[in-house]
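Before any comments, here is the structure.
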Amino acid sequence: QVQLVESGGGLVQAGGSLRLSCAASGGTISSYAMAWFRHVPGKEREFVAGISYRGGNTYYTDSVKGRFTISRDNTKNTVYLQMNSLKPDDTAVYYCAADRVGSFLEYDYWGQGTQVTVSS
């Protein structure tokens with residue numbers, strides 16, 4: 001029932017910033033821990049960041065720690081990924097996902113993805 005729609009992707013130069021949004025409909029994200037993943041063709045899908053139900057806990061993969069910030073606004077039913085100091089290796093399709101259990105191991109819903117391209 002829950003639909004997740006990512007937006008905010010695009011082309012940015014290395015060192016620049018971008019903010020991704022994931023808007024949910026059909027359900028309230030307050031019932032879900034939320035996460036961002038990214039995928040590059042030919043490579044493994046990678047967990048990027050996660051946030052607990054009310055935002056009290058956040059988690060990041062080492063490669064983005066200190067550069068990316070995940071946040072949520074449950075009143076707007078939206079989760080965000082602020083990406084700063086972007087690198088070409090950050091180029092990927094970024095997906096948001098909802099985890100009802102809150103384990104960050106299995107996800108109930110996925111968005112369609114938004115392309116982020118970081119140029120040199």
Tell me which residues, restricted to region 56-74, are touching a helix residue (DSSP H, G or I) at 6+ places or on another chain (Cβ under 9 Å) and either open to solvent by 50 Å² or more (accessible area, probe 1.4 Å) or polar (S, T, N, Q) (or both).
-> Ser63, Asn74
Subset of region 55-80 (residues that are in a strand (DSSP E or B) and among the β-branched types (Val, Ile, Thr)) = Thr58, Thr69, Ile70, Thr78, Val79
Can you tell me which residue within region 77-100, out of those that are touching a residue at least 40 places away in the same chain (Cβ under 8 Å) and more than 13 Å from the chain's Cα centre (by Cα), is nearest to Leu20 (Cα to Cα)?
-> Asn84
Tell me, yes or no, whether region 87-98 has at least one residue that is part of a helix (DSSP H, G or I), in contact with a strand residue (DSSP E or B) (Cβ under 6 Å, 6 or more places away or on another chain), of a type outside the set (S, T, N, Q) and open to solvent by 40 Å² or more (accessible area, probe 1.4 Å).
-> yes
Can you name every residue in region 18-44 that is among the small types (Gly, Ala, Ser) and in contact with a strand residue (DSSP E or B) (Cβ under 6 Å, 6 or more places away or on another chain)?
-> Ser21, Ala23, Ala24, Ser25, Gly26, Ala33, Ala35
Restricting attention to region 101-120, which residues are over 11 Å from the mean Cα position of the chain (by Cα), within 23 Å of Leu11 (Cβ to Cβ) and open to solvent by less than 40 Å² (accessible area, probe 1.4 Å)?
-> Val116, Val118
Inside region 6-54, counting only strands (runs of 3 or more DSSP E) that do not spill past its ends, which hold 2 or more residues that are open to solvent by 30 Å² or more (accessible area, probe 1.4 Å)?
-> 10-13, 18-25, 46-51
Can you confirm whether region 79-88 contains a residue that is over 17 Å from Gly9 (Cα atoms) and of a type outside the set (Val, Ile, Thr)?
-> no
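The values are calculated or read from the model by the stated rules, or taken from the named source; none is laboratory data. What you see is a predicted model; the values in this text were computed from it and never measured. Positions of Cβ are backbone-derived with ideal geometry, glycine not excepted, and every protein chain shown enters the neighbour counts. Quick note on the areas: whole protein, heavy atoms, side chains included, nothing else; ligands and nucleic acids left out. Shrake-Rupley method; radii C 1.70, N 1.55, O 1.52, S 1.80 Å.
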